[in-house]
């Protein structure tokens, strides 16, 4: 049975096998697709594959793209196919200010994680009746987000991994996002810093 998380708009929660949060599963995104030529540049996000890893142009040792093959990186393939390995549920009745603080914290964690590892991305943050639902391409990023919410705002967090592909569902409950109202307002208005992309050349 396919256990990866698919089609966010119609997603149902897969059965998960309980495991301890300390277990370290290899990111499934890195093993789901054939190995590309070295170097290869993603024609969607412009990440570069070189020396067996994907990096953003500014973090890659192979900063020159001339002569690189064109392809699509695993993360972009996952987003297009609607397959995700991380689900974080932030459960609670959050006000506007609290939700702004949560979203800012989640995006900050994702930006730091993805700076040197383009495979790890937040695909969506959706408001639900029970709170926020965050989908990620990597189970490790989902684990990191849930851990950061627990560390910053308290509450409890539980982790459940799927035995077959390592997909993670993390549930954070009982926490209280806090921060100055002026800070929350500024976080809502602050634009997301966009990564400068390198032009594709051959």
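A short reminder: the numbers here are calculations on the coordinates, not readings from a lab. The structure presented is a predicted model; accordingly, all values stated were derived computationally and were not measured. Virtual Cβ from ideal backbone geometry, glycine too; neighbours counted across all protein chains shown.
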In nm, to one decimal, how far is the residue 151 label point from the residue 51 one, both placed 7 Å along Cα→Cβ? 2.7 nm
Here, residue 38 and residue 176, labelled 7 Å along Cα→Cβ, have an inter-label distance in nm of 5.3 nm
In nm, what is the difference between 0.36 nm times the number of residues separating residue 70 and residue 164 and their Cα-Cα distance? 30.7 nm
Mean Cβ count within 10 Å, highest first, over the residues of peptides 134-144, 102-112: 134-144, 102-112
Taking only the alpha-carbon positions of the range 78-189 as identical scatterers, the Debye log10 I(q)/I(0) at q = 0.14, 0.15 Å⁻¹ comes out as -0.53, -0.60
Once you put a point 7 Å from the Cα of residue 130 and another 7 Å from the Cα of residue 96, both along the Cβ direction, what distance in nm separates them? 2.7 nm
